[in-house]
Number of protein chains: 4
Amino acid sequence: MRLILHIMEKQNKDTAILLLHCPDKQGIIAAVTQFININKGNIIRLDQYTDTVQKVFFMRVEWELEGFMIPKEKINEYFDTLLAQRYEMAFKIYFSTQKPRMAVFVSKQSHCLYDLLAHYEAGDWDVEIPLIVSNHPDLEHVAKKFNIPYYVFPITKDNKDELEPKELELLAKENIDFVVLARYMQIISPEMIRRYPNRIINIHHSFLPAFVGARPYHAAYERGVKIIGATSHYVTEELDAGPIIRQDVTRITHKDTVENLMRKGQDLEKVVLSNAVEKQIAHKILVYKNKTIIF
Amino acid sequence: MRLILHIMEKQNKDTAILLLHCPDKQGIIAAVTQFININKGNIIRLDQYTDTVQKVFFMRVEWELEGFMIPKEKINEYFDTLLAQRYEMAFKIYFSTQKPRMAVFVSKQSHCLYDLLAHYEAGDWDVEIPLIVSNHPDLEHVAKKFNIPYYVFPITKDNKDELEPKELELLAKENIDFVVLARYMQIISPEMIRRYPNRIINIHHSFLPAFVGARPYHAAYERGVKIIGATSHYVTEELDAGPIIRQDVTRITHKDTVENLMRKGQDLEKVVLSNAVEKQIAHKILVYKNKTIIF
Amino acid sequence: MRLILHIMEKQNKDTAILLLHCPDKQGIIAAVTQFININKGNIIRLDQYTDTVQKVFFMRVEWELEGFMIPKEKINEYFDTLLAQRYEMAFKIYFSTQKPRMAVFVSKQSHCLYDLLAHYEAGDWDVEIPLIVSNHPDLEHVAKKFNIPYYVFPITKDNKDELEPKELELLAKENIDFVVLARYMQIISPEMIRRYPNRIINIHHSFLPAFVGARPYHAAYERGVKIIGATSHYVTEELDAGPIIRQDVTRITHKDTVENLMRKGQDLEKVVLSNAVEKQIAHKILVYKNKTIIF
Amino acid sequence: MRLILHIMEKQNKDTAILLLHCPDKQGIIAAVTQFININKGNIIRLDQYTDTVQKVFFMRVEWELEGFMIPKEKINEYFDTLLAQRYEMAFKIYFSTQKPRMAVFVSKQSHCLYDLLAHYEAGDWDVEIPLIVSNHPDLEHVAKKFNIPYYVFPITKDNKDELEPKELELLAKENIDFVVLARYMQIISPEMIRRYPNRIINIHHSFLPAFVGARPYHAAYERGVKIIGATSHYVTEELDAGPIIRQDVTRITHKDTVENLMRKGQDLEKVVLSNAVEKQIAHKILVYKNKTIIF
């Protein structure tokens, strides 16, 4: 059953996805939908949201390209000229036929990596994973199971300046669109963050902003909280302070040791990270002033 | 702070709220937003959803009436003529200045009633509660605390045919818009349901469709479930089978007795019922084929 | 049904409740249960927990006093002599027939107060509420509804030293066992905390330790979290840092304004506070080194 | 850090685990703990629960065997003679050094299988997985990745009588202790259930008892529920009616298609199943009259 649905969806799927935000004004939705309708595009999903405090308008619209009168390679230009300039829009257009390319960074723990790869191999996501990067050799056996090249850059605080440029070269060579830190235990340099702005997704093993930094489960245990959490977010220069994509929590009790918190937390981490990755792949996340709008 | 925000919102608040659904076609959003924009209405919130399986389009749009060029009392007619007929829309227009009138039905348990009245008295909701109806005298003291008339109709299976018409008379006389069954333990007659279609909200003390009917906590205990729930829904002729508005759950263990389930369940019931009432008052619920679209 | 169960439970209920903790050693459970069994007490509930990191043993045991061979007023002495000294126990014995006396402190928001009083009036809790204290006159109408004396002490930062002693006098005169801060918006002085150690329960409107201090909903909104929470805890000298009793959370989205967070948060606050109060009344909370063990 | 904790725990770990239930009487805990203490066993965890409705006492106690005066192979006999007969106990003793052997049954979906194997390979669980059984060849590639023998028995309704005995032979030959149905889409025969009573764990993709049987996500979609769930339970002869081990839920909206429900549900299924397997491996589940007591 599932497979059939999947195939049906795939067949329909030559679509364009437009993400935009702009100062809120009257008539934007009408203007955008008319642009698509007049040119014979069939809208299959439209989401919009107005931040009435900041007076900013956000929109995601997806339409079928079959029969659309503007050629694919001209859509960006036409939209820019006819609409974006008039409404001062920041916008981006994606095509469903172009699979994003994702790099996974890991250290020693495998649970998030396995979860990502299980989704990948099951065909859940329209994505390519051309490589896995690590600062340790430990998880090479996992990469091998899935036939994905595994690169070890034994980065430490001290050699980061020297080794990260080589990582960046590799990512550039492989045309990586975004990076997923799947329990990668090294701080990313500002240079790398600048190259992939709001395109590096991290999983932090606490309910942010509680327990920023190292050893959050130990801190949660010490504080005696009754609920623990996990947070996926984009990486920015301030540690664990980037735009939050997804959070989830689970209840704990006084009986739970630090090791229990780690075990229970792993189930949160993998699901919260995969959820963020899924939204990223589907182009459903807009970032504005360190917050996410998720459609 | 809160009060200030509240007042600010109140001041802005002469708005129209349009709820509609129709067969999905190209251009509906554009047409509706143009209708509002051209007549100088300022849209402050727009939500829409397309059921791509059934090909039905749903929309809720709220706009400020200040400066709107169509007089309030003509909006319905104009919208019908200019748009609804063309797109085969079922629609309804509400005005924020017209507070809906809500009747509360209770039996012997007070927790839901207190929660509704606490919201009411705190000014959380734009609603009037002109009366409370019960089949028992037990909760009159609660009604008295809040100075709300309390009517006892000692309805049983046997005298329902005789007493319910009097209830309906009272509701009609008081211009009741919708009815809230706050743990009211009598089955509502088909006649009353016909008079208030999708306008009678019930709270069922289980996670529907599990444990339909009487004594769901006993049934949950017997079955050994690990989570219990509560469900608010519109009342239809089939018992506990109407459109679901809101559900919530809480985790239980083998240690919980039936009485514990009842106690824990009460916290769910009151919050789940109040949530549904809040959505109802704000005209955020659309019903289509026994399901709700909630904006 | 519920009432019948309630009465049945009430009839069984002349019990003693022993709470203790001590260094973990072999044989403690055996020794305590033998003390009760040999003297013909019937244990109806026993909970124990060993913190294997700190090597501390915690226990709560409740037994029926009918037929118990040690007279009620001697149990404390006998237990101290025969067991507590040998095992270096810190312990406390409560009797189900002695209802604790609870004072409620409020400011201007009514939702937590209503929830506490609704439980109280429904007979859910074995407690007395002889008075409500506030720094504002606003909620006197609520107290009046429930016929509970309402005392206004218009405390500010500046006059706290002068007015709090009078509050403490009142609490002492009324034999208050514990205090519940039901959205009371004044910081409690160290002197009052010393008088009621681990006996002042506060509700903080965030998921602690995130968003300590004032205006947590505003801070949560600014940070762009995807889940908000509420925390009930004992008050200690360090602000919002006392032992946590209960936490709960609810999911939010980018659509939620600060005012929405406040509204959604209120449902959490009242349930999380009432849950803590219920555990307190039932003597199910042990505190050890700024953490709670909850049976 | 995690690895270090793990090793520490492993080193301490020659323990016995006793699970028992019996009619509730005075003095059972004292008798059992004395049996262990007198023979110089150090209790590291004790959990007990009394079902006061059915008057049944349940207990799990784990103690270190180092220095325990009764030889390992005699503990069962001694406990039976000295305690079990006197108190009419049903009991079972496990040793931490004996890893249980688990068989995994799958059909075509891989998400639960990957989650189980990721835990297994990460060393989270003290278990052996000597084989994977399927009615389809589809997931052999997963088994191969983890070097676990994969057996295909193309069972259908029609050939079940012929093929299941061969499966049972294989399970017997491999000394399988319990079976995990990881989205295995064939009904298990009564004969197999009799051979593994309360030792076959299934994951059902709904919040039982809602949506028993086939296609629960379609049924949930049709009914318009606002929350979906997953349930792990022991398999009994009545379909989806065995003792429930673990349940979890996630919130959905009107926007979710059946395919979305399936995708969201998979995250629940894998976590809920793995949680049950973890409890099973740790001998933390007692079954009594079609319900579980989970310590």
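Bear in mind these aren't lab numbers, they're just calculated from the coordinates by the rules spelled out. None of the values given here were measured: they were computed from a predicted structure. Positions of Cβ are backbone-derived with ideal geometry, glycine not excepted, and every protein chain shown enters the neighbour counts.
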In whole Hz, the Karplus estimates of ³J(HN,Hα) for the stretch A:224-234 (6.51, -1.76, 1.60; θ = phi - 60°; x where Gly or Pro) are x, 5, 9, 9, 10, x, 9, 9, 9, 7, 6
As a percent rounded to 5, the proportion of antiparallel DSSP bridges among beta bridges in chain B is 70 percent
Dimensionless Rg/Rh of the stretch A:63-203, both radii on Cα and Rh by Kirkwood, sits at 1.06
Sorting from shortest, the nanometre distances separating the label point of B:Pro71 (7 Å past Cα along the line to Cβ) from those of the same residue in the other copies are 5.6, 8.9, 10.4
Calculated from DSSP helices alone, with each H run of at least 4 adding -39500 (n - 2.57) and the total divided by the residues of the protein assembly as shown, [θ]222 nm to the nearest 500 comes to -9500 deg cm²/dmol
At R0 = 51 Å the Cβ-Cβ FRET efficiency linking C:Ile38 and C:Asn175, nearest 0.05, sits at 0.90
With the label point 7 Å along the Cα-to-beta-carbon line of B:Glu237 and a cut-off under 20 Å to each amide N, the hits in the stretch B:192-216 are B:192-202, B:213
Of the listed pairs D:Lys72/D:Lys279; A:Lys255/C:Lys279; B:Lys55/B:Lys289, those with alpha carbons more than 21 Å apart are D:Lys72/D:Lys279
Here the net charge surrounding D:Ala31, from other residues whose Cβ is less than 12 Å away from its Cβ (Lys, Arg +1; Asp, Glu -1), is +2
What a careful reader reports for the chain D Cβ nearest the rotation axis onto chain B, distance rounded to whole angstrom, is D:Ala210, 2
Taking the label point 7 Å from Cα along the Cα-Cβ vector, the copy-to-copy distances for A:Arg215, listed from shortest in nm with one decimal, are 3.4, 5.5, 5.5
Taking a ≥ b ≥ c as the square roots of the eigenvalues of the Cα gyration tensor, with a/c under 1.5 meaning rounded and otherwise prolate when a/b exceeds b/c and oblate if not, the stretch D:137-206 is rounded
Relative contact order as a percentage, the stretch A:1-142, C-alpha pairs under 8 Å and 6+ apart, gives 26 percent
Residues whose built amide H sits under 5 Å from the amide H of C:Ile227, excluding neighbours closer than 5 in sequence, are C:Ile252
Short to long, in 10 Å steps from zero, the percent of alpha-carbon pairs of the protein assembly as shown per bin is 2, 9, 16, 22, 22, 17, 9, 3, 1, 0
Under the 7 Å Cα-to-Cβ spin-label approximation, C:Leu163 and D:Thr81 lie apart by a distance in nanometres of 7.6 nm
Env charge @ D:Val225, Cβ radius under 11 Å, K,R +1 / D,E -1, value +3
With R₀ set to 56 angstrom, the calculated FRET efficiency between the beta-carbons of B:Met69 and A:Glu222, to the nearest 0.05, is 0.30
In order over the stretch C:51-66: 3J(HN,Hα) from phi, Karplus 6.51/-1.76/1.60, θ = phi - 60°, whole Hz, x for each Gly or Pro, gives 7, 6, 6, 8, 6, 10, 10, 10, 8, 10, 9, 10, 9, 6, 8, 4
For B:Ile38, inter-copy label-point distances (7 Å, Cα→Cβ), nm, shortest first, read 1.5, 9.4, 9.5
Taking a straight Cα-to-Cα line shorter than 18 Å from C:Lys166, and setting aside same-chain aspartates and glutamates fewer than 8 residues away, one finds C:Asp158, C:Glu174, C:Asp177, C:Glu191
GNM of chain B, Cα pairs under 10 angstrom: of B:Gln247, B:Gln186, B:Gln34, the biggest fluctuation goes to B:Gln34
When chain A is treated as a Gaussian network with springs between alpha carbons less than 10 Å apart, the largest mean-square fluctuation among A:Leu208, A:Leu82, A:Leu139 is found at A:Leu82
Of the convex hull drawn through the C-alpha atoms of the stretch D:209-295, the volume per residue in Å³ is 91 Å³
Two pseudo-spin positions, 7 Å from Cα along C-beta at A:Arg45 and at C:Arg251, lie apart in nanometres by 1.5 nm
FRET efficiency (D:Glu278, D:Ile93; Cβ distance; R0 25 Å; to 0.05) is 0.80
Largest fluctuation, B:Ile129, B:Ile245, B:Ile38 only, Gaussian network model of chain B with Cα springs under 10 angstrom, belongs to B:Ile38
Here the relative contact order (percent) of chain D, from C-alpha pairs under 8 Å and at least 6 apart, is 15 percent
Mean projected area (nm²) from the convex hull of Cα positions in the stretch A:182-238 is 3.9 nm²
Applying the gyration tensor rule to the Cα atoms of chain B (axes a ≥ b ≥ c; rounded if a/c under 1.5, else prolate if a/b exceeds b/c, else oblate), the class is prolate
Taking every residue of C:225-232, the Cβ atoms of other protein chains inside 10 Å of its Cβ average out to 6
Shape call for the stretch D:66-136, from the Cα gyration tensor axes a ≥ b ≥ c (a/c under 1.5 means rounded, otherwise prolate when a/b beats b/c, else oblate), comes out prolate
Volume per residue (Å³) of the convex hull spanned by the alpha carbons of the stretch C:160-264 is 101 Å³
